[in-house]
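The values are calculated or read from the model by the stated rules, or taken from the named source; none is laboratory data. Owing to the predicted nature of the structure, the values given are computational and were not obtained by experimental measurement. Quick reminder, even Gly has a Cβ in these numbers, built from the backbone with ideal geometry, and neighbours come from all protein chains shown.
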Amino acid sequence: MEGTKVPASARERWQREVLEPSLKKVPERQSTFTTVSGRPIDGLYTRESVAAVDPSVPGEFPYTRGLYPEGYRRKPWTIRQFAGFGTPEQTNARYKQLLSAGGTGLSVAFDLPTLMGRDPDDPLSRGEVGKCGVSVASLADMETLFAGIRLDAVSTSMTINAPAAMIFAMYLVVAERQGVSWPSLSGTLQNDILKEFIAQKEFIFPPRPSMRLVTDVFDFCAKQVPRWNTISVSGYHIREAGSTAAQELAFTLRNGIEYVQYGIDAGLDVEVFAPRISFFFNAHNDFFEEIAKFRAARRMWARVMRDRFGAKEPRSWQLRFHAQTAGVSLTAQQPYNNVVRTAVQALAAVLGGTQSLHTNALDEALALPTEAAATLAVRTQQVLAHETGLTDAVDPFGGSWFVERLTDDIEHEALAITETIDRMGGMVEAIEEGYPQREIAQAAYTYQQAVERRERIVVGVNAFVADDAGKTPDTLYIDEGTAEAQLTRLTEVRAGRDQVQCRRALEALKAAADSRENTMPTLLDAVRAYATVGEMCDVLRAVWGEYEETPTI
Amino acid sequence: MPIRVVIAKPGLDGHDRGAKVIARALRDAGMEVIYTGLRQTPEQIVAAALQEDAQVIGLSILSGAHMHICPRLMELLDQKGLRDEVLVVVGGIIPGVDVPKLNEMGIKGVFLPGTPMQAIVDFISANVKPTVTT
């Protein structure tokens, strides 16, 4: 982090004649002021605080002030609430409720067995089916999940990574059966395996074959599903795991660089696949630092794509992102306070120019959200979008000495981190070396110590504590009926399918995995034959092996 | 003799921030901490506790699978005759209705989000069983 520049005379005079006499009477309330990420903050920012003002305008390189010249004046951001729990029937009902409440996009949360490529009857799935998201084992579940929802009438985001290609194949076959053409589909596949190794740890295969699945999706979509966002390069989970804002930005953009490099190395045309890369950031508590982070992200990515990769098309330079408010900032104590935290975080995401937004529900430190809590989260965005004037002017903080300076500082700090990873040979190498994992664990512990010492106040937790026993809201409870229902359906699917067709499709998948051939066509055939997620992943586990992390504290 | 603690993450969930933070906090408080890593079965956790002569097992569970994992772990401790020798504590997202059930199983320390690290250190120090000699 850099110190403030040598003060120019006007500022110097103010400090000497105005500030210092005032401080002699009453000192400031603490000796240093820092952001949530530990970045020192001066008391006053002036023209002299900013080395050179970014002269760019919205809609032009490097897009610091936004991707679109009209900002949100043409269309506000997309309200996209992440949801999924229990059986596909239960989640399908929640989607219909979210759409009727005015939601404009769907976002699927899968349960842990699905995320880990395990079927509901796998011994490791015991107790986890439908708990953290919806259970999807085969095409039959995917058909139920989207029953009554035309796939060309919604855009769908799917948070799935290690088995992303398998789940995406299921979505494509559901579209096929609805008579919806693939080129008319829009949505996003998270498909970001690198941040799984770094932060969220839902990995299956080792990094290199995992990267091949990612580039297979890039290649397939470029030819067949051109409007689909093939990846959502995600800082969200990195931040939730404890990183600072600058680390979130740096690791995410460096992951983005890794994907682009692997795509180019796989022989793909950067101008074709780069515009389908999207991003996903956390909207955390530190209001100004977060706005600066989003502005810096756009500027850095535009430069990376133009200067590092030589992309010529503006669409290849543009960083489009989804934001979600910080789950980690929510408290189990006095849960209604979470509504306020979420609203302020959402405000930062919007002022940072997000394309879509998920606002967390107030009860998420306790359980998955209830319907009432999920609706309030949507209403929070609608109040911001329609009652506050927030969408009227583009990049309202552009030109703020404070925000411009923070934007520059966070960019410099993130650049230094990405250069460290370059020197290691790339992100796959850095992950194998444990570098980002270590840095994040250290930052998480440093933060927790600050909370412990009450250098950071968490309202309701280490200050303004109240006894709220008995006042916690009702929460959603997933009972064991979900697992039973999913086991029954799985048995029916396995009994009802054409066994020969299914076996042949899985053999073809194995052959594709063994060769350099794109795995997507064989995955589609396996899905059509009702092969399960677990069966498809088992085939690939046998070919590629499984990744195991070395545990470190 | 420092208190020996096995910190484990059972189940399929990979969110290890809490496990790692508490492992460091216990280590900084002078305890000897063994972190098992991700996706450990109750069998593996009990085996690790035996092998490491652990007096404490700390589980981090955020996925809602605690009512499957905890009874199995306590059953295994019973079978090994360790139930009265090893203190078991759990941290994570645990619905309030499940806390008394965990207590009844013999898991007295259930720590929800927002618990100060010092409170966990103090609980372990106050409730740890005398060192077993094997």
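Restricting A:V451, A:V465, A:V461, A:V500 to residues that are facing chain B (nearest Cβ under 10 Å), part of a helix (DSSP H, G or I) and out of contact with any helix residue (DSSP H, G or I) (no Cβ under 6 Å at 6 or more places or on another chain) narrows the list to A:V451. The set of residues in the stretch A:219-246 that are in a helix (DSSP H, G or I) and crowded, with 24+ Cβ neighbours inside 10 Å comprises A:C221, A:Y236, A:H237, A:I238, A:R239, A:A245, A:A246.
Condition (residue is more than 14 Å from chain B (Cβ to nearest Cβ), in a helix (DSSP H, G or I), out of contact with any Phe, Trp or Tyr (no Cβ under 9 Å at 6 or more places or on another chain) and surrounded by fewer than 20 Cβ atoms within 10 Å (Cβ to Cβ)) applied to the stretch A:294-301: is it met by at least one residue? Within the stretch A:294-301, not a single residue is more than 14 Å from chain B (Cβ to nearest Cβ), in a helix (DSSP H, G or I), out of contact with any Phe, Trp or Tyr (no Cβ under 9 Å at 6 or more places or on another chain) and surrounded by fewer than 20 Cβ atoms within 10 Å (Cβ to Cβ). The single condition from (1) in contact (Cβ under 8 Å) with a residue 40 or more places away in the chain; (2) farther than 26 Å from B:G18 by Cα; (3) in a helix (DSSP H, G or I); (4) over 23 Å from the mean Cα position of the chain (by Cα) that A:F397 fails is (3). Of all the criteria given as (1) at pLDDT 95 or above; (2) of a type in the set (S, T, Y); (3) farther than 23 Å from A:G481 by Cβ, the one not satisfied by A:S138 is (3). Filtering the stretch A:316-340 to residues that are more than 13 Å from chain B (Cβ to nearest Cβ) and either out of contact with any Asp or Glu (no Cβ under 8 Å at 6 or more places or on another chain) or modelled with pLDDT under 95 (or both) leaves A:W317, A:Q318, A:L319, A:R320, A:F321, A:H322, A:A323, A:Q324, A:T325, A:Y336, A:V339, A:V340. I want to confirm something. Restricting to the stretch A:468-482 and keeping residues that are surrounded by 15 or more Cβ atoms within 10 Å (Cβ to Cβ) and within 10 Å of chain B (Cβ to nearest Cβ), which single residue is farthest from the chain's Cα centre (by Cα)? It comes out as A:T472. Scanning the stretch B:6-15 for residues that are in contact (Cβ under 8 Å) with a residue 40 or more places away in the chain and either within 11 Å of another protein chain (Cβ to nearest Cβ) or assigned to a loop (DSSP other than H, G, I, E, B) (or both) turns up B:I7, B:A8, B:K9, B:P10, B:G11, B:L12, B:D13, B:H15. Only residues that are of a type outside the set (S, T, N, Q), in contact with an Asp or Glu (Cβ under 9 Å, 6 or more places away or on another chain) and either crowded, with 23+ Cβ neighbours inside 10 Å or part of a helix (DSSP H, G or I) (or both) were counted across the stretch A:204-215, and they come to 5.
Candidates in the stretch A:305-325 are the residues that are buried (at least 21 other Cβ atoms within 10 Å of the Cβ) and among the aliphatic types (A, V, I, L, M); of these, the one that is nearest to A:G71 (Cα to Cα) is A:L319. Checking each residue in the stretch B:84-95 for being crowded, with 20+ Cβ neighbours inside 10 Å and over 29 Å from A:R456 (Cα atoms) picks out B:V86, B:L87, B:V88. Looking only at residues in the stretch B:100-123 that are part of a helix (DSSP H, G or I) and at the interface with chain A (Cβ under 9 Å from one of its Cβ atoms), the one that is nearest to the chain's Cα centre (by Cα) is B:M117. Among the residues of the stretch A:80-108, not one is touching a His at 6+ places or on another chain (Cβ under 8 Å) and more than 29 Å from A:D479 (Cβ to Cβ).
Listed conditions (1) within 14 Å of chain B (Cβ to nearest Cβ); (2) modelled with pLDDT of 95 or more; (3) not in a helix (DSSP H, G or I) are all met by A:Y445, apart from (3).
Screening B:G64 on (1) under 18 Å from A:T475 (Cβ atoms); (2) in contact (Cβ under 8 Å) with a residue 24 or more places away in the chain; (3) out of contact with any Gly (no Cβ under 9 Å at 6 or more places or on another chain) shows it passes everything except condition (3).
The residues in the stretch A:400-429 that are in contact with a helix residue (DSSP H, G or I) (Cβ under 6 Å, 6 or more places away or on another chain) and of a type in the set (S, T, Y) can be counted, and the count is 2. Criterion applied to B:A8, B:A47, B:A29, B:A65 was being more than 14 Å from the chain's Cα centre (by Cα), of a type in the set (A, V, I, L, M) and at pLDDT 95 or above, and the one residue passing it is B:A29.
Residues that are more than 29 Å from the chain's Cα centre (by Cα) and either within 14 Å of chain B (Cβ to nearest Cβ) or surrounded by 18 or more Cβ atoms within 10 Å (Cβ to Cβ) (or both): does the stretch A:512-523 have at least one? So far as the stretch A:512-523 goes, yes, one or more of its residues are more than 29 Å from the chain's Cα centre (by Cα) and either within 14 Å of chain B (Cβ to nearest Cβ) or surrounded by 18 or more Cβ atoms within 10 Å (Cβ to Cβ) (or both).
Looking only at the stretch B:96-118, which residues are surrounded by 18 or more Cβ atoms within 10 Å (Cβ to Cβ) and farther than 20 Å from A:Y447 by Cα? If the condition is that a residue be surrounded by 18 or more Cβ atoms within 10 Å (Cβ to Cβ) and farther than 20 Å from A:Y447 by Cα, then B:L102, B:I107, B:G109, B:V110 are the ones that fit.
Among all residues of the stretch B:78-94, there is at least one that is without any contact (Cβ under 8 Å) to a residue 60 or more places away in the chain, more than 10 Å from chain A (Cβ to nearest Cβ) and among the small types (G, A, S).
I'm trying to understand the selection: among the residues of the stretch A:503-523, which are small (G, A, S) and in a loop (DSSP other than H, G, I, E, B)? Hit for the stretch A:503-523 is A:S515, nothing else. For the stretch A:351-377, taking the residues that are part of a helix (DSSP H, G or I) and under 30 Å from A:T64 (Cβ atoms), the one that is nearest to the other protein chains (Cβ to nearest Cβ) is identified as A:A377. Per the listing B:I57, B:I34, B:I69, the residue uniquely in contact (Cβ under 8 Å) with a residue 40 or more places away in the chain, within 12 Å of chain A (Cβ to nearest Cβ) and either among the acidic types (D, E) or in contact with a strand residue (DSSP E or B) (Cβ under 7 Å, 6 or more places away or on another chain) (or both) is B:I69. Selection within the stretch A:104-119: residues that are β-branched (V, I, T) and either over 20 Å from the mean Cα position of the chain (by Cα) or surrounded by 24 or more Cβ atoms within 10 Å (Cβ to Cβ) (or both). The member of this set that is nearest to the other protein chains (Cβ to nearest Cβ) is A:T114. Look through the stretch A:120-129, keep the residues that are more than 9 Å from chain B (Cβ to nearest Cβ) and buried (at least 24 other Cβ atoms within 10 Å of the Cβ), and return whichever of them is nearest to A:A93 (Cα to Cα). The extreme case among them is A:V129. Inside the stretch A:182-235, residues that are farther than 18 Å from A:L268 by Cα, more than 14 Å from every other protein chain (Cβ to nearest Cβ) and over 18 Å from the mean Cα position of the chain (by Cα) make up a count of 7. Taking the condition assigned to a helix (DSSP H, G or I), under 21 Å from the mean Cα position of the chain (by Cα) and surrounded by fewer than 18 Cβ atoms within 10 Å (Cβ to Cβ), does A:R438 pass? Criteria met by A:R438.
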